[in-house]
Amino acid sequence: MGVTWINPTKITPLIASSWTDVDVSSYVPIGTTGVLLHIEFISDGLEFGARKNGSTDDRHIEHYYASHTGFSIGVDENRILELYVESITDINVYLTGYFDSCAVFYTNATNISLNTTGSWTDIDINVNDDAIGAIIEVYNTSYNVNYLYGLRKNGSTDDRYAYFLGKTTAFIGLDENEIFEGKINNVGVDFYLTGYIKSGVTFLTNATDLSLSSTGDYNDLTALPNDATGGFIECSTPTKYSYALRKNGSSEDIYRDLIKHEWIAVECDSNQLIEGKIANTAVDFFLTGYTTVFSQIITPTGITNITTFGTPTIYINYIFPKGIESTVSFGNINIANVFPTLYKCVTQITNRHISTDTTDRNISIFAKQRRIGIEIEVTE
């Protein structure tokens, strides 16, 4: 269970200035609980909102400047969310990934806003469900008045406290009591808990500085940890400057203003690299958490302890989760040859990684597509 990344796919609705259903079932599988979005504002002062289908939440506000930010929201069982865009030509909404049961999303967000200002304050999400991270909509209720806010995992010594306009989704780690910390300078900044994460993400107590030292061109950020598939990146600057973040090797080029303090979720490549571009070194990037490869053990029925060896082969038709490393256990079988094969309606995968361990009689499979057929020759 975890986060699965996809190539950015435009899902901007075709109706402006109205809450509109957006069906993403063509891009995400059954069991998806929520999605990762990248929002691009081509011109200044446009309203945007997102909510889980069926919600009565009605938060949409103008975004200052031609900018971009990250967002995350739940989908219903039919994989539908609702979007509000003031313009269908000057706002682009991209689907970049999705959550499975590793995350829980509310239909209506829970207001967890602070009523005290000027100091770091504990916020208890109180879900009692082994939550390890909070998914928070940060919402500045004023279109053109800068307010300061900061978020950090409880126990952190981070002290990033920056101005913000508009709305974004922050991903913050929780301590064992499901507490994080927030700080605001004005109660015009609201925090809404749209969901929480239970697994598939590693959250950092103190964020890792990934900031760049050169401007004007794409450069690799410091590599994420070895098991990372993507990162939750907090972006901040004391004044507006353009920035971009993308998977290493991508041709995407969304280079627009940073409205001082936002979050964005970005996939990394197989070397755990993300590329960034900044207009000024005052733009800083901090890794607050990263998504990881989820490993699972699968024991297909009816094929363990086989005593027939040599020529016979075993065919398995199993739906392996995309982007997840799966270990298939075969009991007392010695594995001689393993290779993907077209079998029945199974799609052969490309860019595959299959490793065998004849001692443990296991096969590790990383599936780039949803289905893989395996042909196994067993030997004595």
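The values are calculated or read from the model by the stated rules, or taken from the named source; none is laboratory data. This is a predicted model, so every value here is computed, not measured. As a convention, Cβ positions derive from the backbone with ideal geometry for all residues, glycine included, and neighbour counts pool all protein chains shown.
Out of all the residues in region 198-228, which are at pLDDT 95 or above and of a type in the set (S, T, Y)? Those that are at pLDDT 95 or above and of a type in the set (S, T, Y): T202, T205, T208, S211, S213, S214, T215, Y218, T222.
Kindly indicate whether any position in region 169-181 is assigned by TED's automatic domain parsing to the domain that holds Q272, modelled with pLDDT under 95 and among the β-branched types (V, I, T). The answer is no; no qualifying residue exists. Tell me yes or no: at least one residue of region 110-123 is modelled with pLDDT under 95 and touching a Lys or Arg at 6+ places or on another chain (Cβ under 8 Å). No, every residue in region 110-123 fails to be modelled with pLDDT under 95 and touching a Lys or Arg at 6+ places or on another chain (Cβ under 8 Å). If you filter region 1-21 down to residues that are in contact with an Asp or Glu (Cβ under 9 Å, 6 or more places away or on another chain) and over 28 Å from G249 (Cβ atoms), you find that the one that is surrounded by the fewest Cβ atoms within 10 Å (Cβ to Cβ) is S17. Please go through region 238-265 and give me each residue that is touching a residue at least 60 places away in the same chain (Cβ under 8 Å) and over 21 Å from A223 (Cβ atoms), ordered by number. Hits for region 238-265 are P238, K240, I254, R256, D257, L258, I259, K260, H261, E262.
Please count how many residues of region 139-163 are surrounded by fewer than 23 Cβ atoms within 10 Å (Cβ to Cβ), hydrophobic (A, V, I, L, M, F, W, C) and closer than 21 Å to N206 by Cα. The qualifying residues number 2.
Screening A50 against (1) part of a loop (DSSP other than H, G, I, E, B); (2) under 18 Å from I264 (Cα atoms) leaves a single unmet condition, (1).
Given the criterion touching a residue at least 60 places away in the same chain (Cβ under 8 Å), among the basic types (K, R) and either touching a strand residue (DSSP E or B) at 6+ places or on another chain (Cβ under 8 Å) or closer than 23 Å to R59 by Cα (or both), identify the matching residue among R160, R79. Full working, then the answer.
Working: R79 fails: touching a residue at least 60 places away in the same chain (Cβ under 8 Å).
Checking each option against the conditions leaves just R160.
With respect to (1) among the small types (G, A, S); (2) outside any loop (DSSP other than H, G, I, E, B); (3) in contact with a Ser or Thr (Cβ under 9 Å, 6 or more places away or on another chain), the lone exception for G155 is condition (2).
Only residues that are under 21 Å from L37 (Cβ atoms) and of a type in the set (A, V, I, L, M, F, W, C): list them for region 222-244, please. Even if it seems obvious, please write down each step before you answer.
Keep residues of region 222-244 that are under 21 Å from L37 (Cβ atoms), which gives 224, 228-236, 242-244.
Listed by number, the residues that qualify are L224, A228, F232, I233, C235, A244.
Where strands (runs of 3 or more DSSP E) sit wholly within region 201-284, those with at least 3 residues that are in contact with a Leu (Cβ under 9 Å, 6 or more places away or on another chain) occupy 201-209, 228-236, 241-247, 261-267, 274-278. Filter region 89-109 for residues that are of a type in the set (G, A, S) and farther than 22 Å from L46 by Cβ and give the result. Scanning region 89-109 gives G97, S101, A103.
If we keep just the residues of region 125-138 that are surrounded by 13 or more Cβ atoms within 10 Å (Cβ to Cβ) and not aliphatic (A, V, I, L, M), which is modelled with the lowest pLDDT? That would be N126. For region 172-200, residues that are under 23 Å from L36 (Cα atoms) and not in a strand (DSSP E or B) total 5.
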